[in-house]
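The next block holds one structure in the form of structure tokens; read it before the comments.
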Amino acid sequence: MDLVVLAILLSITFSAVQGATPKCCVQTTKKFPLEVLRKVMKYDVQTDQGVCAIDALVLYTKDKKYCATPKLEKILKMVLSKSRNGHGSAA
């Protein structure tokens, strides 16, 4: 009986750890069209100090995830602030 309980606990623990596996960017793109940058809803900063191998900006649009070079963050912040303040061009 104890072995069954132990097996169940190990199975649950393995499933929880497996579900927490990060999805790291493995390469980045240096240039993105302005239309894509305007569609970014949020972004995360990935660093090589954790489980991921490279630094990257993880850009999230409505239906896609992009991996960008961290050097793009300054431009992205400007584009996002303009589009959220209503200063972007009308589409």
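Does residue 52 meet the test of being part of a loop (DSSP other than H, G, I, E, B) and crowded, with 16+ Cβ neighbours inside 10 Å? Please lay out each step first, then the result.
Values: part of a loop (DSSP other than H, G, I, E, B): yes; crowded, with 16+ Cβ neighbours inside 10 Å: yes.
Spelling it out, residue 52 is indeed part of a loop (DSSP other than H, G, I, E, B) and crowded, with 16+ Cβ neighbours inside 10 Å.
Search the range 25-49 for residues being assigned to a loop (DSSP other than H, G, I, E, B) and of a type in the set (Val, Ile, Thr), and hand back the single one that is nearest to residue 82 (Cα to Cα).
Filtering the range 25-49 for residues assigned to a loop (DSSP other than H, G, I, E, B) gives 25-28, 30-33, 39-41, 47-49.
Restricting the remaining residues to those that are of a type in the set (Val, Ile, Thr) gives 26, 28, 40, 47.
Values: 26: 30, 28: 24, 40: 12, 47: 27 Å.
Top of the filtered list is 40.
Quick note: the coordinates plus some simple rules give every number you see, no bench work behind them. Computed from a prediction, not measured in an experiment: that's the story for all the values here. In this analysis, Cβ positions are derived from the backbone assuming ideal geometry, glycine residues included, and neighbour counts consider all displayed protein chains.
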